[in-house]
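Following: one structure in structure tokens, then a few remarks.
The values are calculated or read from the model by the stated rules, or taken from the named source; none is laboratory data. All values derive from a computational prediction rather than experimental measurement. Neighbour counts are summed over all protein chains in view; Cβ atoms, including those assigned to glycine, are modelled from backbone coordinates with ideal geometry.
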Amino acid sequence: MKIKHGSWVVIADGAKYLLLVNQGDAFALDLRVQDHVEEPHALTHDQGTDEPGRFPGPAGGKSAVSQADWHQLEEAEFADRLADRLRMAALKNEFDALVLVADPRTLGNLRPKLHEEVRKRLTAEVPKDLTREPISKIEKLLEKY
């Protein structure tokens with residue numbers, strides 16, 4: 001993948017992101033950290049201990065309400081905050097091109113929340129979780145992608 005000089009590369013999952021800027025050129029990536037955020041999210045079973053609610057069913061019995069997945073809700077809210085960060089940066093013209101690298105669920109959470117200005121600058125999406133990889137490995141993977 002050719003990533004031009006000054007492009008932003010965002011490596012994300014549902015709880016953290018790493019914002020990298022290519023200080024190299026399209027033929028030799030040199031990704032440098034510009035920003036990073038990590039939010040610890042508790043597991044669903046640690047957040048809610050109450051049983052799901054019940055309500056009268058149409059046939060006279062009781063029906064259960066499904067259990068909320070608090071962890072998944074936190075990941076969706078994190079995607080909101082990341083999309084907002086990217087929106088503000090795009091509106092300030094802080095970047096010309098963007099590559100999003102995230103696991104498929106996070107990409108799915110992010111896509112509909114991206115502002116039009118961010119979408120215009122989005123050059124590639126990579127459906128991989130690379131948040132635990134060193135930058136040197138990320139560079140090599142992106143050059144081959």
Considering (1) modelled with pLDDT of 90 or more; (2) in a loop (DSSP other than H, G, I, E, B); (3) β-branched (Val, Ile, Thr), say which one ILE138 fails and leave the rest. (2)
Cβ pairs under 7 Å, 6+ apart, first in the stretch 122-144 and within 15 Å of GLY14 (Cα to Cα), second crowded, with 17+ Cβ neighbours inside 10 Å and of a type in the set (Lys, Arg): THR131/LYS16
The stretch 99-114, residues that are surrounded by fewer than 19 Cβ atoms within 10 Å (Cβ to Cβ) and in a helix (DSSP H, G or I): PRO104, ARG105, LEU107, GLY108, ARG111, PRO112, LYS113
Picking from GLU75, GLU143, GLU133, GLU117, which residue would you name as being at pLDDT below 95, surrounded by 14 or more Cβ atoms within 10 Å (Cβ to Cβ) and more than 12 Å from the chain's Cα centre (by Cα)? GLU143
With (1) at pLDDT below 95; (2) surrounded by 13 or more Cβ atoms within 10 Å (Cβ to Cβ); (3) not in a helix (DSSP H, G or I) as the list, and ASP96 as the residue in question, which single condition is left unmet? (1)
Tell me yes or no: at least one residue of the stretch 90-110 is of a type outside the set (D, E, K, R), within 13 Å of TRP8 (Cβ to Cβ), touching a Pro at 6+ places or on another chain (Cβ under 9 Å) and touching a residue at least 40 places away in the same chain (Cβ under 8 Å). yes
Please determine whether any residue of the stretch 40-56 is closer than 25 Å to PHE78 by Cα, exposed (fewer than 12 other Cβ atoms within 10 Å of the Cβ) and modelled with pLDDT of 65 or more. yes
